[in-house]
Amino acid sequence: MVSSADILAAFREVTNVKQIERSELYGLLQDGIMAALAKKYGPNVQAEVEIDDDRGGIKIVLLKTVVDTVEDASREISLDDARQFDEGFEVGDVLEEPVDFAVFGRAAVQAAKQRIIQRVREGERTRIREEFADKVGDLLMGEVQQIERGKIVVMLQKFREAEAIIPYREQNHREHFHQGDTIRAVLKRIEETPKGPRLILSRGDPMFVKALFKLEVPEIQQAIVEIRATAREAGSRTKIAVASRDDAIDPVGACVGLKGSRVQAVVNELGGERIDIVPWSPDPERFAKLSLAPARVARVFSDPDSRTIQAIVDEDQLSLAIGRNGQNVRLASELTGWKIDLYSSREWLERGGEGPLFAPLPPEEEKAVKVALTELKGLPAELVTVLERTGKKTLQDILDLEREEVVAMEGMTPDLADRLMSFLNELVDEGGEEAPPAAAAAAPEPSAEPSPEPSPPAEPPPAPPADAR
């Protein structure tokens, strides 16, 4: 037989494991005993439950109202039955009937257990919501508990009861974790489920990069430096725009740190992901020029109505501005929130400033920029033949090819694959080398969207500064 002292000892252990306050625990215990009483005596039972922690005892007293005619036996007792306890009872008095803890049957004990478990779970869910409601965007640390169906289940170090997962879409797919590994991630949102709140963590969201910089840069923690915008392709490259509230503090220098120590710590956590840090500017044209770093932009023109930026770069900067597979200009566009169209200085001069500034390219020029592979210098005829056999006939057709696609082509040899990848690497090389002759021809199509419909200005636009670096 389980005594009340045994019950109290078991609940003290629950207090330590579940991190529940003693007063809250006694509230749970009283609620559970009331559920057991309701199971045994009826749903409307009234009772007083007193817990003596010093002596390890539980005192239970049923409260029944004395009546002439009993309608609810769970809370009423007849006058005749009451006078068996004491001749002095009158109608309207309350009979206090002590209850021995041992009278509870298995069903009543089970009802008490279920009520207590339910209350404990509700308390845990409430604490999770209160603990993490204002921590969205914060960095959390834990241990990989398991990896199932692509998602990573994390046991947090400071709140093990919380259910925390990193969904497949929120992961950096160039990283690989195993059970037991320590992992850091940013809290992206709290998701309500039938089982309670679930913490959705992320290592692929730009918020993760912001949280890492906040950890490494004291000026960001002190709100002196602020990250105004971010753009990221997880595992490959991130661009952040920073601004300072103190003119004496350089926001870019604060994020880079002495000899690059701060930014390098972030890069290491991201597994070598490249990071561009640029100053934020309220001027969209200046911001666009800065966002295209490391390329140097000669001129920019903006159209606020269509939120479009046209950027002109020198020939030797074109491949750098475009980036591998158009990544640099794509991230710059995401960072600024404006669509950016790139043009080489040669192509811009060929246009001669005729027609509306934002007019789309005529069909003849669109055809001209699609350079045939046979006209490219550096590609052997044998390689061109293999590419044309698979339907790749222009420079645009091969710019986005990955090595796996190239190797899989029919008739492709390892040597030819190496030569093609070397050619593409040189085309978008970020070392500042001069691009191949055909690179400029590919300039007008780095953007994923077509140019907007023409909206002729009333007057030709004023000439921009020659150099606003």
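When the chain is fully extended, how far beyond the present Cα-Cα distance does Ile224 get from Glu315, taking 0.36 nm per residue of separation? Before the final figure, lay out the partial values.
Details: separation 91, 0.36 × 91 = 32.76 nm, distance 3.87 nm.
Using 0.36 nm per residue and subtracting the Cα-Cα distance, I get 28.9 nm.
Could you give the length gained on full extension between Ile147 and Val91, defined as 0.36 nm per residue of separation minus the Cα-Cα distance, in nm? All intermediate terms of the calculation are to be shown ahead of the outcome.
Values: separation 56, 0.36 × 56 = 20.16 nm, distance 6.70 nm.
Result: 13.5 nm gained on full extension.
Accessible area ranking (1.4 Å probe, heavy atoms, ligands and nucleic acids excluded), largest first, for Arg174, Arg203: Arg174, Arg203. Straight-distance candidates among the lysines for linking to Lys259, with alpha-carbon spacing under 23 Å and chain neighbours fewer than 8 residues away dropped: Lys210, Lys214, Lys239.
Using the Cβ atoms and a cut-off under 12 Å, what net charge is assigned to the surroundings of Pro380, where Lys and Arg are +1 and Asp and Glu are -1? Mind showing how you got there, number by number?
Details: positive: Lys377, Arg419; negative: Glu382, Asp415, Asp418.
Residues near Pro380 contribute -1 overall.
Computed with every protein chain present, the accessible area of Glu350 is close to 130 Å² [probe 1.4 Å].
Three principal axis extents describe the C-alpha atoms of the stretch 140-190; from largest down they are 27, 24, 17 Å. Note on the stretch 263-324 and the stretch 162-233: Cα centroid distance 25 Å, given to the nearest whole angstrom.
Residues Tyr41, Tyr26, Tyr168, Tyr343 ordered from highest to lowest accessible area at a 1.4 Å probe: Tyr168, Tyr41, Tyr26, Tyr343.
Local charge for Glu192 was computed over the other residues whose Cβ lies under 13 Å away, with Lys and Arg +1 and Asp and Glu -1, and equals +3.
The values are calculated or read from the model by the stated rules, or taken from the named source; none is laboratory data. All values reported here derive from a predicted model rather than from experimental measurement. FYI the Cβ positions are ideal-geometry reconstructions off the backbone, even for glycines, and counts take in every protein chain you see. Just so you know, the surface numbers come from the protein's heavy atoms only, side chains and all, with ligands and any DNA or RNA stripped out. Shrake-Rupley method; radii C 1.70, N 1.55, O 1.52, S 1.80 Å.
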